[in-house]
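The structure appears right after this line, and notes come after that.
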Amino acid sequence: MIEETETIDEFLARHSADVEDAVRKAAAAEIMPRFRRLAEHEVDQKNGPHDLVTDADRLAERFLTDTLGALLPGSVVVGEEAVHANPATYEAIRGDAPVWIVDPVDGTRQFVRGEEGFCTMVALARHGVLLASWIYAPARDQLATAVRGGGAFLDGERLFAGPPAPGRDLEIATSHPDYTTEEQKRALLGLWTDGVTPRACGSAGLEYLAVARGELDATTFSWEAAWDHAAGLLLVEEAGGAHLTVTGEPFRITGGNALPFTTARDAATARRVAGLLSDVA
């Protein structure tokens, strides 16, 4: 537990491994036992047939809420499923207390299909500043971590996104059509141009990891939900990348962003993609 005089940086120095352990345990206890074994009654819809939630989502979030809250007394947890049940809890992101931002199963649709492309995401923030993040893909046993100012890592190996190779099309993962309104689709039209190869995104967390690894050039998303972005944004930043909204400002997890926004391997690519978006936004 955090001592009364301990700073967040000191807490992270002592307890990052404990957070990693909590994420792994949540996956082992609540997610992986249900992977490819989900019963019909364990899957529900939230806002439509493409917005799914499972018992794994709910129970893993409950596990992480209890564990992380106890690990850092005085902190609060903003989890996707808790916010769905009570939208007012999202306001904690804008408060003074340290906040854990949790997406228990990012890529629920892939999880339900029995595909490996899902992950658990946790980020720690305070006053709107991202301080640390953990992205765990349990079906692949891959763990990506980042601490502000301390770099980004995948399974202990330092990540450097690096600039895209000159002369080839930018590969960009963009908001999936199933989750995109007609207005949002119009805002993304600028990506359909020479020199760019857009594709629909899968798990947002794993797309952010691909950017941090230099395997994907950029993402463009048209929604703000912090649990989908917080952990990935810090991972990409610490790997040398950047993020911008269509007005040229960094994305804020506290909300109020001009959308869509991009996260890219380097600042030059972020500016290029944001320019394409702003041409039609």
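Residues to consider are VAL122, VAL129, VAL105, VAL78; find the one that is among the β-branched types (Val, Ile, Thr) and open to solvent by 50 Å² or more (accessible area, probe 1.4 Å). Can you show your working first?
Values: VAL122 fails: open to solvent by 50 Å² or more (accessible area, probe 1.4 Å); VAL105 fails: open to solvent by 50 Å² or more (accessible area, probe 1.4 Å); VAL78 fails: open to solvent by 50 Å² or more (accessible area, probe 1.4 Å).
Result of the check over VAL122, VAL129, VAL105, VAL78: VAL129.
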Report the residue count in region 146-172 for those that are in contact with a Leu (Cβ under 8 Å, 6 or more places away or on another chain) and either closer than 14 Å to VAL211 by Cα or buried (at least 18 other Cβ atoms within 10 Å of the Cβ) (or both). 10
Please list, ordered by first then second residue, the pairs with beta carbon atoms under 9 Å, 6 or more apart or interchain, first in region 213-237 and surrounded by 24 or more Cβ atoms within 10 Å (Cβ to Cβ), second of a type in the set (Lys, Arg). LEU216/ARG265; ASP217/ARG265; ALA218/ARG265; ALA218/ARG272; LEU234/ARG148; VAL236/ARG265
Report, by residue number, each residue of region 1-15 that is part of a helix (DSSP H, G or I) and either modelled with pLDDT of 95 or more or under 11 Å from LEU72 (Cα atoms) (or both). ILE8, PHE11, LEU12, HIS15
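For region 173-191, which positions are loosely packed, with under 13 Cβ neighbours inside 10 Å and under 20 Å from ASP228 (Cα atoms)? First the steps, then the outcome.
If we filter region 173-191 for residues that are loosely packed, with under 13 Cβ neighbours inside 10 Å, which is where we start, we get 177-178, 181-183, 186.
Listed by number, the residues that qualify are PRO177, ASP178, THR181.
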Residue pairs qualifying under the 9 Å Cβ cut-off, at least six apart or on distinct chains, with the first in region 126-150 being closer than 18 Å to ARG24 by Cα and small (Gly, Ala, Ser) and the second being in a strand (DSSP E or B) and open to solvent by 30 Å² or more (accessible area, probe 1.4 Å), are ALA132/THR145; ALA132/VAL147; SER133/THR145; SER133/VAL147; ALA144/PHE153; ALA146/PHE153
Residues that are modelled with pLDDT under 95, under 18 Å from the mean Cα position of the chain (by Cα) and among the basic types (Lys, Arg): does region 100-110 have at least one? yes
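Counting only residues that are over 19 Å from ALA125 (Cβ atoms), give me the strands (runs of 3 or more DSSP E) lying completely in region 19-81 with at least 3 of them.
Values: elements: 43-48, 51-54, 76-79.
Because the criterion is at least 3 residues that are over 19 Å from ALA125 (Cβ atoms), the strands (runs of 3 or more DSSP E) in region 19-81 that meet it are 43-48, 51-54.
Within region 238-273, take every residue that is polar (S, T, N, Q) and in contact (Cβ under 8 Å) with a residue 40 or more places away in the chain and give me the one that is most open to solvent (accessible area, probe 1.4 Å). Lay out the reasoning, then the answer.
Taking region 238-273 as the starting set, the residues that turn out to be polar (S, T, N, Q) are 245, 247, 254, 257, 262-263, 269.
Next cut, in contact (Cβ under 8 Å) with a residue 40 or more places away in the chain only: 254, 262-263, 269.
On the way: THR254: 38, THR262: 0, THR263: 1, THR269: 10 Å².
Selected residue: THR254.
The values are calculated or read from the model by the stated rules, or taken from the named source; none is laboratory data. Just so you know, these numbers come straight off a predicted model, no measurement behind them. Here Cβ is always computed from backbone atoms with ideal geometry, including for glycine, and neighbour counts include all displayed protein chains. These accessible areas exclude ligands, DNA and RNA; they are computed on the full protein's heavy atoms, side chains included. Shrake-Rupley method; radii C 1.70, N 1.55, O 1.52, S 1.80 Å.
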